[in-house]
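The next block holds one structure in the form of structure tokens; read it before the comments.
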Amino acid sequence: MNMPVEVFVDPVAENARMMIAHLGEDPHRSGLTGTPKRYAKAMRFLTGGYEAEPEDVVGGGIFDAEGDGVVLVRDIEFHSLCERHLLPFFGRVHVAYLPRDRIIGLSKIPRIVDLYARRLQVQERITEQVADALVKLLEPKGVLVLAEARHLCVAMRGVEKQHPATATRALRGIYVHDPLARQDALSMIRDK
């Protein structure tokens, strides 16, 4: 007796196939036959940030602080998908924090940025989430996160402008109330 073979249909790939057809293309055309599967794989990678939390990506990467100076990791490249149009935006994030008792491994900050960038997002939220994660993990004296990005939803549709960049900033702790400390961190970001 032959058992029926269960065929798995990837719902993301199937929706991509239907979208291609609804846009007026033939999803069975030779150049498009593999596109739905590739699209599904790409979307799962680009939204893989839902599968973890900051504690997961940091692991044992938190250590006792040995100084009291500002720690800065700048020019962290990122890319994300705009939740409004599902189009990419990309740029750089700069993260400064003033330790209290703990520091974080330098590679962990870009991992936190990627964690939040690999979700359907808005730039403002990523900036806030990175700052909040560092506050929760380290309880530092202050955190400053500055993100600068270009949005393809601005470049490819709507106003169709190629060069506007958007900057967002999140401040926590000392950087909210102390303009000298804030200026010191911002100066470090600008001094290359």
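For the pair Leu152 and Leu106, the difference between a 0.36 nm per residue extended length and the Cα-Cα distance amounts to 13.6 nm. Run the paramagnetic zone check for Asp184: 7 angstrom along Cα to Cβ, then residues of segment 81-109 with backbone nitrogen under 12 Å. Output list for this probe position: 97-99. Looking at segment 49-121, the trypsin sites (Lys or Arg not before Pro) that sit in a DSSP loop and have at most 16 other Cβ atoms within 10 Å of their own Cβ are Arg84, Arg100. To the nearest 10, the accessible area of Asp64 is 120 Å² with a 1.4 Å probe. Sparse packing (at most 15 other Cβ atoms within 10 Å of the Cβ) combined with a DSSP loop state is found for the following trypsin sites (Lys or Arg not before Pro) in segment 1-63: Arg29.
Each residue of the chain gets 165 Å³ once the volume of the Cα convex hull is shared out per residue.
Can you compute the charge dipole magnitude of the chain about its Cα centre, using +1 on each Lys and Arg Cβ and -1 on each Asp and Glu Cβ, nothing else charged? Give it in debye, rounded to the nearest 20.
Around 560 debye, computed over the chain.
Modelled spin labels at Glu14 and Arg125, positioned 7 Å past Cα toward Cβ, are 2.7 nm from each other. In the chain, the DSSP beta bridges split such that about 95 percent are antiparallel, to the nearest 5. Computed on the Cα atoms alone, the convex hull of segment 1-109 gives a volume of 177 cubic angstrom per residue. Given a Förster distance of 45 angstrom, what is the FRET efficiency for Ala21 paired with His177, based on the Cβ-Cβ distance and rounded to 0.05? So the FRET efficiency works out to roughly 0.20.
Using only Cα atoms, tell me the angle between helix 11-22 and the longest principal axis of the chain; keep it within 0 to 90° and round to the nearest 10. Rounded to the nearest ten degrees, it is 70.
Stretching Gln162 away from Arg44 to a fully extended chain increases their span by 39.7 nm, per 0.36 nm per residue minus the current alpha-carbon distance.
The values are calculated or read from the model by the stated rules, or taken from the named source; none is laboratory data. Just so it is clear, the model here is predicted, and its values are computed rather than measured. Glycine also receives a Cβ, built like all others from the backbone with ideal geometry; neighbour counts cover every protein chain displayed. The area values use the complete protein model at the heavy-atom level, side chains included, leaving out ligands, DNA and RNA. Shrake-Rupley method; radii C 1.70, N 1.55, O 1.52, S 1.80 Å.
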